[in-house]
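Following: one structure in structure tokens, then a few remarks.
Derivation of every value follows stated rules applied to the coordinates shown; laboratory data play no part. Please read these numbers as outputs of a predicted model, since none were measured by experiment. Don't worry about glycine lacking a Cβ; one is built from the backbone with ideal geometry, like all the others, and counts go over all protein chains shown.
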Amino acid sequence: MLTRLKGGHVVDPANGVDEVRDLFIEDGKIVAAPTDAGSAGEVVDCGGLIVMAGAIDIHSHIAGGHVNTARLLLPEWHRAFSARPGDTALSKVGWTTEETGLRYAEMGFTTVVEPAMGPQSALHAHLELADIPIIDKATLVVLGNDDLLLSMIRDGESADAIADYVAWTVDASKALGVKCINAGGSAAFKENVRSYAFDAEVPDYGVSSRQIVKALQRAVKDTGIPHPLHVHCNNLGMPGKSAEAAEATIMASEGLPLHLAHIQFYGYGTEGKRGFSSKGQELAALVNRNPDVTVDIGQVMFGQTVTISSDEMRQFAGRAQASPGKSIILDQEANGGGVVPMNYQEKSFHNALQWAIGLELFLLIEDPSRVFFTTDHPNGAPFTTYPDIFALLMDRDMRQTWIEALPKGVAKWTSLPQIEREYTLNEIATMTRAAPARLLGTKDRGHLGVGATADISVYRPNEDKAKMFAAAAYLFKDGTKVVENGAVIARPYGRALTLKTQSDAAMGSRLDRYFDDAYGLDSRWFKVDGGALRRDMPFREVPCL
Amino acid sequence: MSALTFRLKGEPEERIDCSSLVPHHLANFSPAEIARLPVGTTKRGLLVGDVFEVSRNDAGEIRFEGGSGRLDRIGQAMQGGVIRVAGPAGFRFGRAMTGGELHAEGSVGDLCGSAMAGGRITVGGDCGARLGGPDAGEMKGMSGGTIHVKGNAGERAADRMRRGSVLVGGDCGKDAFSRMIAGTVVVKGKAHGVPGRLMKRGTIVLMGGAERYAPTFVDAGVHDLLVLKLMAKALGEVFGVVPFDGSPMRKISGDTAILGLGEIYVPA
Amino acid sequence: MTTAWIDGQPVSTGEAVREAAKLLSSSRFPLVWGSFDDASALREGTRLASLAGGVIDHRDLPTIVPLVEALRDNGMIRVSPGEARRRADRVLVLGSDPFESRTELFEQIFSVRPDLGPAKENAREIVLLGPASASAGAFASAAGEVRSIACPDGEIGDAVAILKAALAGRPFHDGPFEEGGARALAGWLKDAAFAVIVFDAARLDAIAIEVVAGLVSDLNTDTRASALPLAPGGAMGAAEAALWTSGFPLRTGFGRIDPDHDLVLNAADRLLSSGEADARLALCLGDARLGDHDVPTVLLTGGEGVEADRARIVFSVGQPGIDHGTVVHEARFGSFVSRPAERSSMLPNAADILSAIADEVGARVSSNDEARR
């Protein structure tokens, strides 16, 4: 059936469209306007509404072992308990896979990337993703603290061999890309190293973080993976050292694309009597000067949340600030990780400055196609805070109101009060639709051109931008209307986006032996079998470059 | 004025959530509105009127005529006023209450006074496990107020207790005072199992002693302490009568596995 | 081949599914309980319990309750078996042999020497703190030096608490240790490159597990140490799958809009003996039995003893991982693995039956909603 979205203001920067026009959908795709527009079987009146492609979140921890551990650790913050200790931002997220899909869809999101899937947690992550309704999902598989990669680099194995290993891992785990998290840091922590930097060596291997990042960056390119290596730098959150780590990593991109995750957590200097200051301006300038680099923010918002990370060294250090005071840390093959609850408080100088640094970076990085909209859910804040963040980016007065509520003294440590920029709808559409689709290599989405997957979000304009983005007027997923007036009306299951990476057969037999010899594990356990997920079409393949 | 009364129509087939039936919440409701409040815990969607006959009067005092072990969360989060239950009550009796008085003539279930912060609870019979303790995952149990259980307390009484006073007229079940952070507990009978495991601080008077003390509790000798006299007097003012008078007692300190500043006093 | 019965009479699967859905829909508070080791069955079982407004529970849940409580009340630094194999230079084993029915896991960790970390050249040192002797049982064949310190199973919690006090330099009684033994053992842990404390999580109570977690946490102030709790994969996997489907690790009720989690109130035995659950669906595999209580029952059975006469509706189902594929929590891997069927079989997959009943219950719920409108 042909569906006509009639008379909406279409904001589609990927195709240079920013005007009132009709859109037509058939069989889940966007199609050209028929000669007789009246032939549409269904007409959705979009007069006065804003029409965009479905939004894409490139970095949100929505599934997998550590996410589930957070559910286990914090029963008291679940929705079912919310009437008892009081509503929390975390309780509004909903803790189930089902609610994750519903809440994202209500805001007009149609694709979300789980960015930290350990190779061992791949089946677990995909089982959870299979239970998230409506949205499409994808994962990045984590390498960079694994014994095999570190050994290969130490032993001077060829770039081809490393690329084969990466290709095997991406294919086995059904990932869309590769992430490295504090490369070498988790491995070093298991040897009781407590502080680690870009050029420090991992004991036992004599390999530096730089070598690991560079080897993976090259392997990702050689394998034809569209998404550049996704890097979580060393020394996250440490005043001074974090900014140095981000700078060193950016400088190491050396002409090849590199994505730096949740850069807000690296924008920390050491000035002032508290030894904590903003490096937002410097970091933004550095990003502006280095066109190879893309970043997402990891915006902090105030309230109770929980940090979920495969950066075991950082999570171990963060135990001291856990609120409530409990945490689960995992020593595991490769990265491990940890779950540490966190309560960001508006009245805390430290937390307030973190909030301001995130916004500084959002607003000072000039190209909206190189900065991505994330809270590193739930690490900076739950994704349910997105509407407020859109409003903060689009409305300078609102920022001013928030700044005035912060502790005295915060304002003088950030350039935020002086920044006049307000994001336009077109820039928002670039940042949350066009650019992420390009970054992930998913050409069928992020835009509204003919042939695109009919993932379409429609918003009702409102002076209050938070209200506008909190509840989509309509959401179409694969051409099916799934949200109306901010409420889910249908819940089909989306798919996980995967790559078909090719590796030499010899790598397969090598890994069969390796996992058995090194860890007593069966290499088949690392391979995700789509049949185990109990969905008709669990995957959708994205072409390699 | 007489109390707002909920007369149980018969033993309910399912557990009943009475958390909305607290004075501050009912103050502005008419009897018809109260009868339409949801209290069921199954898909049948039971309302107050399905379970109780309501006679409307001053909501400042609420009375449950005929109790049941299935009436959960009576007095949950109550802020003031009085609730009396003429019979037994279910789980989470007075959980998270911050003020007022809550009385049950009969026995109550687990998590009585769970994480309460203020107010006064009396239980005529026994109480279930985790008296005053935290609910799943919560970091602290009772943090204020007083609880008097005239009968026995179940396992792990005063778990993670942080402040406030508890008097148990009978015995305590297994592993009482586990993970206690601070506060005062007086037990007329004995403590079964191993009391005080992982307690950091807090003061306990165990008139009947304990079944066994953990090896991480050390005997600190017999003391004639002014603080015991002051405590007996202060607690006497709260509870009426307490089973100790400030005479010299033996002090056992622990749990040294964690901090070791907890004190258990037993008759010398 | 008949695989479905109503009141003892053979029927089509579809007929039995409709009757089961009717029974569960018309009950007040149905219990969905049983051998939910297969994550696929648990996912469908949770959906069924949710649509039918009932409770979901696993028959082996008591074996993981202390661990679940310790993890969420206190947290823990823990290690996967594979990492323990490669790094643990000193291993403290608590209680009667926790590897007694875990031969493959034992082999994975103890058949080789550690080969990563500063102590990789040394032989692994293993201390058995418990009633077992070092020269008997599986540990006699471990690659490493094994010694034992006698301690009755009932005093393991005390012994670990003593080690924690000794490490901190606070006073204690010797308990099961010889004079000076506790300090020596605490020092031995502290001087490890990577110490692992392993125990059967079903044999310690929640407080004792918290003490172990506390000891490990204290050790990590200066050195590396990690806990390795061993828990049955079936119940652990079910709890994990329940966490993402319902937000809680089982014993969760869906009588109201938000799930109600309560380990005591929603325990299957209590719900049946109190009469609060007025119907049940039981998945009985292996040696699982219906137990003493009789309520209107839907039985999915692939077990050794078929108690078909005690159920109104009976489905014969296959064995997960034998008659059909399965997804289970594998302790050696520390996560889920999928296993294909071992043989071709006509027996239905319990997950498919549960899914069909859930769909039918869901359809009844929405048609009731329509009717009400």
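Values for this structure:
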| quantity | calculated |
| --- | --- |
| C:ASP269-C:SER345 pseudo-label distance in nm [points 7 Å out on the Cα-to-Cβ vector] | 2.9 nm |
| Ellipticity estimate at 222 nm from DSSP helix runs (n ≥ 4, -39,500 (n - 2.57)) divided over chain C, nearest 500 | -11000 deg cm²/dmol |
| MRE, 222 nm, helices only [DSSP H, n ≥ 4, -39500 (n - 2.57), over chain A, to nearest 500] | -9000 deg cm²/dmol |
| Shape call, region C:66-230: gyration tensor on alpha carbons, a/c limit 1.5 | rounded |
| Estimated FRET transfer efficiency when R0 is 30 angstrom, pair A:ALA320-A:ASN290 (beta carbons, to 0.05) | 0.30 |
| For the protein assembly as shown: rounded, prolate or oblate by the Cα gyration tensor [a/c cutoff 1.5] | rounded |
| In degrees, nearest ten, helix C:65-74 long axis to first principal axis of chain C (Cα) | 60 degrees |
| Contact order relative to length of chain A, as percent, for alpha carbon pairs under 8 angstrom and 6 or more apart | 21 percent |
| Using θ = phi - 60° and Karplus 6.51 cos²θ - 1.76 cosθ + 1.60, couplings along region A:396-413 (whole Hz; Gly, Pro as x) | 5, 4, 5, 4, 4, 4, 5, 4, 5, 7, 7, x, 4, x, 5, 4, 6, 9 |
| Shape category assigned to region A:55-444 from the gyration tensor of Cα positions, a/c cut at 1.5 | rounded |
| Counting DSSP beta bridges with both ends in region B:3-198, the antiparallel % (nearest 5) | 10 percent |
| Degrees, to the nearest 10: C:233-246 long Cα axis against longest axis of chain C | 60 degrees |
| Per-residue [θ]222 nm for chain B (sum of -39500 (n - 2.57) over DSSP H runs n ≥ 4, rounded to 500) | -2500 deg cm²/dmol |
| Gain in span if fully extended, C:ASP153 to C:SER141, counting 0.36 nm per residue against the direct Cα distance | 2.1 nm |
| Separation in nanometres of the label points that stand 7 Å from Cα toward Cβ, at B:ALA268 and A:THR480 | 7.9 nm |
| Relative contact order %, chain C, counting alpha carbon pairs below 8 Å whose residues are six or more apart | 26 percent |
| Inter-probe distance in nm under a simple model that places probes 7 Å from Cα toward Cβ, at A:THR35 and A:MET537 | 3.0 nm |
| Per-residue HN-Hα couplings for region A:366-372 [Karplus 6.51, -1.76, 1.60; θ = phi - 60°; Hz; x = Gly/Pro] | 6, 8, x, 8, 10, 10, 10 |
| Sites A:ALA505 and A:ASN192 - FRET efficiency at Förster radius 56 Å, r taken between beta-carbons, to 0.05 | 0.90 |
| Cα-based helix-to-principal-axis angle, B:226-239 vs chain B, degrees rounded to 10 | 10 degrees |
| Efficiency of FRET between C:SER12 and A:ASN15 - r from beta-carbon atoms, R0 56 angstrom, step 0.05 | 0.55 |
| Percent of beta bridges antiparallel (DSSP, region B:1-112, rounded to nearest 5) | 25 percent |
| For the protein assembly as shown, share of DSSP beta bridges that run antiparallel, in % to the nearest 5 | 35 percent |
| Cross-link pairs beyond the 27 Å C-alpha cut-off, checked among A:LYS241/A:LYS412; A:LYS214/A:LYS412; A:LYS326/B:LYS174; A:LYS443/A:LYS477; A:LYS190/C:LYS164 | A:LYS214/A:LYS412 |
| Region C:1-136: relative contact order in percent, alpha carbon pairs under 8 Å with at least 6 residues between | 17 percent |
